[in-house]
1. Please list, ordered by first then second residue, the pairs with beta carbon atoms under 7 Å, 6 or more apart or interchain, first in the range 41-59 and surrounded by 11 or more Cβ atoms within 10 Å (Cβ to Cβ), second aromatic (Phe, Trp, Tyr) and at pLDDT 95 or above.
2. Out of all the residues in the range 50-69, which are of a type in the set (Asp, Glu) and either in a helix (DSSP H, G or I) or touching a Ser or Thr at 6+ places or on another chain (Cβ under 6 Å) (or both)?
3. What number of residues within the range 24-49 satisfy the criterion of being assigned to a strand (DSSP E or B) and under 12 Å from LEU66 (Cα atoms)?
Amino acid sequence: MKFDLSRLAQRLTEAAQRADGLDVTVSNFDLILSKDGHGTHRSESVPFASLFLSEPDVLAQALDRLGVAEAEHGQ
């Protein structure tokens, strides 16, 4: 299976800009994004494998579900 590292890097860079202010933690298998702290029912888990095996940008989708606005370009 071919993989586009540049595309992954771009997605991670964009997510990092959007995730400013979120708690980002990891478990054995997931990247966990939490808004307003843990235990507030405002968290999204993204399985690490989905970052590599999913065509859609699952990290951006998780940020969308948390209501995090897209970062403005040029900041």
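1. PRO47/PHE29; PHE48/PHE29
2. ASP64
3. Initially, the range 24-49 is screened for residues assigned to a strand (DSSP E or B), giving 24-26, 30-34, 43-47.
With under 12 Å from LEU66 (Cα atoms) added as a condition, the list becomes 32-34, 43-45.
The number of residues fulfilling the criteria is 6.
The values are calculated or read from the model by the stated rules, or taken from the named source; none is laboratory data. Being a predicted model, the structure only gives us computed values, none of them experimental. Positions of Cβ are backbone-derived with ideal geometry, glycine not excepted, and every protein chain shown enters the neighbour counts.
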